[in-house]
1. What is the one condition in (1) within 20 Å of the chain's Cα centre (by Cα); (2) hydrophobic (A, V, I, L, M, F, W, C); (3) modelled with pLDDT of 95 or more that Leu53 does not satisfy?
2. Looking only at the stretch 1-38, count every residue that is at pLDDT 90 or above and part of a helix (DSSP H, G or I) and tell me the total.
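The values are calculated or read from the model by the stated rules, or taken from the named source; none is laboratory data. Keep in mind the model is a prediction, meaning the values are calculated, not measured.
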Amino acid sequence: MEEETGSVKTARKARTLYEEIAHQREKLHKLEERQREQQRREREKNQKAVLELIKAERLDTVPAERWRTVMPKLKALLAVEPEPGKNPQKGT
């Protein structure tokens, strides 16, 4: 009989709604942080791949001013939305 009672697990204290909400908020915060980190790693990986592609195509020899003048057309071609709050390129 003693062996049976020794192996019985004690029940966890039930959480109040406030405790459960706090727990879920903390869980959400951790998930959001994990998502931001994953997005950052994906962005860095993409930046590296794009830079390697530019170098492979020898486009790294094109002057920056020329890139600035064709950037709106390039963005349109790639269907990239301009960043909000960022001024359009000068001279276009």
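1. Only one criterion is unmet by Leu53, namely (1).
2. If we filter the stretch 1-38 for residues that are at pLDDT 90 or above, which is where we start, we get 16-38.
Still in the list and also part of a helix (DSSP H, G or I): 17-38.
Within the stretch 1-38, residues that are at pLDDT 90 or above and part of a helix (DSSP H, G or I) number 22.
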